[in-house]
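Read-outs throughout are calculated quantities, based only on the coordinates presented, and are distinct from any laboratory measurement. Quick caveat: nothing in here was measured; it's all calculated off a predicted structure. When we count neighbours, we look across all protein chains shown, and the Cβ atoms used for this are built from the backbone with ideal geometry, even at glycine.
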Amino acid sequence: WMKDKLIWNSTQYPALTVDRPLSSKHFGTAEGRCSVLASRGAETILLSRDDQGDFGRLNIVGCSNTTVFVSGHIQHLHLWGCKHVTVVAVCVRAATTMVQCERVSLHVCTRVLRLEAVVHCHAHAWCEVAPVVSGKCAAVTLGPLNVLYSGMRGVVEAMGLDWADKEATTWAFPTVCRAPEKIGKKGFGLTILTPESYRAVLFPEREEITDSDPLFAPGVFSSVHHRKRQDMQELREMLKEMPPEAVRKLLQSMDGRFQSWLLQTGRANCMEQLEQVLVVGQSAVSLGVPDAS
């Protein structure tokens, strides 16, 4: 019975890779330039510069309870010593590393991904080669890129990729230098995300996403996202047929649960800061990101 219930990783995620060698042509040229976000706490940071390679190397060090969105192109992205942090970076031309972090959620399109000594961390990534998991890791989850961003096709082109490359599943076959440890009786050392657990992350922007195929992720995951959108549309149609008073009570209940979730997860402050950023139309003052060239 147990043998019949087992599903092997190679069966669930066929080994589809980018059929070409790594090329330095699209790695950018911003050598020597370095931006640093250090010791940030309870902030929402939006970095949206248009110059390719404008950030050069972006180091996020010692931050906590912080959300960082980066739409500009980056040469190298490095996270170190962060806790309860979410990073969404749509274009990293070379390598992304995450070291000694705890409860960090990383969403990135990158060439190379390396995780070292991380605990309870999630990495949703498109990467050209298999990600490397090393050091004393525990409770690590790997999944495909899940960012909804209006300029995603431009990012793919800038990195020298084809839209068909989204089917690559290199993220599901990591090179593990040391087996991640379990946390608790029910914890898992290394988990590969299943399609049913796939959730998209929306990049904050004014532009509306009109692309019918906006996710740079394998089709089996994109189809799950489309199905959930259809379910939501059906729910809206059902609401139109309900009596106004019933709709009002239902919406009040939903709003109450949403507000409670914002407070419990600490997302209320994130929502307020994002609203300020989008109203002002600037990147949180460029956030005073120092240039350590």
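Along the Cα→Cβ direction, 7 angstrom out, place labels at E205 and A164. What is the inter-label distance in nm?
2.5 nm
Would you mind estimating how fast the range 117-182 diffuses translationally, via Stokes-Einstein at 25 °C and 0.890 mPa s with the Kirkwood radius over Cα pairs, in µm²/s?
187 µm²/s
Using R₀ = 45 Å, calculate the FRET efficiency as 1/(1 + (r/R₀)^6) where r is the Cβ-Cβ separation of R153 and F258; round to 0.05.
0.90
If you plug each phi of the range 194-204 into the Karplus form 6.51 cos²θ - 1.76 cosθ + 1.60 with θ = phi - 60°, what whole-Hz ³J(HN,Hα) values come out, in order, with x for Gly and Pro?
Going residue by residue, I get 9, x, 5, 8, 6, 10, 7, 10, 8, 6, x Hz, with x marking Gly and Pro.
Taking 7 Å along the Cα-to-C-beta vector as the label spot, tell me the A268-T194 distance in nanometres, rounded to one decimal.
So the two model labels end up 3.5 nm from each other.
Students often get this wrong, so check it: of K166/K228; K83/K166; K83/K136, which have C-alpha atoms separated by over 26 Å?
Violating the 26 Å limit, Cα to Cα: K83/K166.
Please give the length that would be gained between K136 and S212 if that part of the chain were fully extended, namely 0.36 nm times their separation in residues minus their C-alpha to C-alpha distance (nm, one decimal).
23.3 nm
Ranked highest first by the average count of other Cβ atoms within 10 Å around their residues, in what order do 145-154, 196-205 fall?
Packing proxy ranking, top to bottom: 145-154, 196-205.
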